[in-house]
Structure formats: structure tokens, C-alpha cells
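Structure first, then comments.
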Amino acid sequence: MLPGRNDLCYCGSGKKYKNCCMDKDLQKERHERRLKEAQKQYAEIYAKLYAYSRKEEFKNEYKRAEEIFYILDNEEVKIKFERFFETYYMQDHITESGKVIATKFYNDPEIKLTNNEKLILQSIGNSYISIYDVMKVESDKILLKDCFTGEELYTEETKLLNGFVEGESLMARVVEVSGVNLLIDITVKIIANVKDFIVNDINRLFKQYEKDCPNMKLFLSYHTYIFYRYMQQLLDEASSAAMRNESGQKKEEPKDNTVVSILESIADKECLEKCIETWKSYEESNSEIKGSEYGWAAAVEYFVKKEADENITQAQISKKYEISPSTLGKRYKELKSSN
């Protein structure tokens, strides 16, 4: 029999074995209670937000959000990703007024919110989907590192991340509720080459649109739909095939980062000449033009097609140019006001 076997804790704490085990059990129990309470609080505010989002005034916004979100206009696909879509629709979709529904809910004078509910809504407003590396796995928490911002955070969602080991990666969305980092809505393990592709693609897009989104966090929060489209490709073969087919039909990358070059690469041939003419006219009459070239190119094609009475939506053009609908709306208004 080893000396001290019944008296010493071999975890190195120096406490009596029984007392140490009790401390660990109590700590684990506290973590579980904190996590369950945070999940409950999020579920309650989610339910209220869901009910609010079903108001008649948002009926058209729901349809616009579907156009942006889904790769395929297919009922089976919609049912499969309905929960993900609902989160996007309520928390990310920018309405015609320039605000997301969660913000409208927060600011509605008829809605009575507690201080804690307001804090949760603020956290929801600041949340975004990102790619995280698993840095450290402990019994009661896991350390994650954001691949885009480099920020690290602990989450107590150990059951949800059961099986993850250090060095693996996931696509996830974090919302802080009462001091607990919850992983809500989407949590998907991704292999190294998929991670590298997504990270490189997002960094490429950020460079294109950083004139409209000066920092990565803002860019990620405005472009969550891109991650939801990645998610559909990862989890649905039909959506993946559709995106592969769409990619195969894309034109070459623009020769340079100018509005004309982007239009030549992306705009429909039938309206290309009119688009270039419209842009050059706008450019000549405006000495200071701010914003990303892709945003302006999208606005030009949208403007030209609207002027020709074509049945086109901002959602369709936004998806085509891989920009946020809010950016398109902003540039379109500026373009329209000068014509």
C-alpha cells in the first residue's frame, strides 16, 4: 500500500483527498447551474423576440431575409435550416429602415425590458459567427481563439463541445449572458482545409469591403449570412452542389479594384454598357466618393435595372456581389439622389 494514499490528493492541490474531490464536485455543480441559468435567460428573450418578429409589419422583411439566407429555394432545405434562419432573420437581417429586428425590439417603447434583458440584447447585437480554434480543454470550460480577431474566450459549453480536442476548429456564434459565453444557434466542427478556405475567403472579402467596414468585428457582424451559406454547404449536399455549379459559372476576377473592372467582371452583359455609362457620369459629378468599389458596382447595376423596370431585389444583387444589403441600400440612395 502506498504511503499517504488515503490522506493526500494526487492532483497536487495539497488538500485532503476527500475534501479536494468535494471542492471539484461543488465547482462543477456551480458551473452547471450558471450555464443552465444563462441558457434559460437566453431562451426567454429569444421567445419574446421571436413573437415580436412575427408582427405584420415585418412580413416583407421575412421574404427579403429568405432571399439572402438560403442557397436553394426549396422547402426541404428551409425546414432543415429553419432554426438557423430564424436567428439570422431576428438578429442579423438588416431591414429597409437600416436596423435589425432585435434592435427595433430593444428600442420599442411598448416593450418593457428588464436591465438584464437589455444586456442580453446588447450582447446579441454585438455577436457574430466566426471560426474558432480549440486552444485548451478543461473539465469545466474550454478556451477558444477567434481565427479572425485573435481574441480568446472561455466557454462552459463542455457538453456541447464534448469530443473536441486541442487544435481542432469549429464555426460558432458566441453570446455572453450573465457572464457566461453561450454557443448559440450554430456550432459545426470543421476540418483544417475547410477552415483555411473559409478564413482565406473571409479575409479576401474583408480587404474588398474594408472601406465600408473599417474593422473585422464590424465586417463579421454585417456579413453573418456568408457563414450561414458556408454552413448550408457543409451540412447539405444539394446546397453544396448548387454553390459549386454557381462558382463554375462565375466570370473571372476583375483585373483591378475599380468599379468599371468589377462591373465588367460581374454585371450582366445586357446592361453592362449602361452600367459603365451611369458610373462614369456619377464619378465625373462627384469629386469625393467614399466606400468600397464592390458596393458601388452593385448599386450601379441595381440602379440601372430598377430604372429599366426590371423585377430585381436588393437581396439578389447583394448576393451576386457578396456585399451586405445595408451597403447596397446606402450606395443606391446616394446614386439615386444625384440622378
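The values are calculated or read from the model by the stated rules, or taken from the named source; none is laboratory data. This structure is a prediction, so every number in the text was calculated from the model and none was measured. Virtual Cβ from ideal backbone geometry, glycine too; neighbours counted across all protein chains shown. Accessible surface is based on the protein model in full, side chains and every heavy atom, while ligands, DNA and RNA are left aside. Shrake-Rupley method; radii C 1.70, N 1.55, O 1.52, S 1.80 Å.
List of remarks:
- Residues (of a type in the set (Lys, Arg) and at pLDDT below 85) located in the stretch 242-292: ARG244, LYS250, LYS251, LYS255
- Scanning the stretch 284-329 for residues that are open to solvent by 20 Å² or more (accessible area, probe 1.4 Å), part of a helix (DSSP H, G or I) and farther than 22 Å from CYS213 by Cα gives GLU284, SER285, LYS306, GLU307.
- Among residues of the stretch 156-170 that are in the same structural domain as GLN39 (by the TED database) and acidic (Asp, Glu), those with a Cβ under 9 angstrom from a residue that is open to solvent by less than 30 Å² (accessible area, probe 1.4 Å) and in a loop (DSSP other than H, G, I, E, B), sequence gap 6+ or separate chain, pair up as GLU156/ASP140.
- Residue check for TYR332: outside any loop (DSSP other than H, G, I, E, B), within 20 Å of ALA65 (Cα to Cα) and over 23 Å from the mean Cα position of the chain (by Cα): yes
- Selection status of TYR10, modelled with pLDDT under 95, farther than 30 Å from PHE219 by Cβ, among the hydroxyl-bearing types (Ser, Thr, Tyr) and not assigned by the TED database to the domain that holds LYS320: yes
- Of all residues in the stretch 196-217, exactly one satisfies the criterion of being in a loop (DSSP other than H, G, I, E, B) and open to solvent by less than 20 Å² (accessible area, probe 1.4 Å), namely CYS213.
Results for (1) within 18 Å of HIS223 (Cα to Cα); (2) part of a strand (DSSP E or B), shown as yes or no for each residue.
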{"residue": "LEU153", "(1), (2)": "no, yes"}
{"residue": "ASN162", "(1), (2)": "no, no"}
{"residue": "VAL174", "(1), (2)": "yes, yes"}
{"residue": "LEU183", "(1), (2)": "no, yes"}
{"residue": "ILE186", "(1), (2)": "yes, yes"}
{"residue": "VAL194", "(1), (2)": "no, no"}
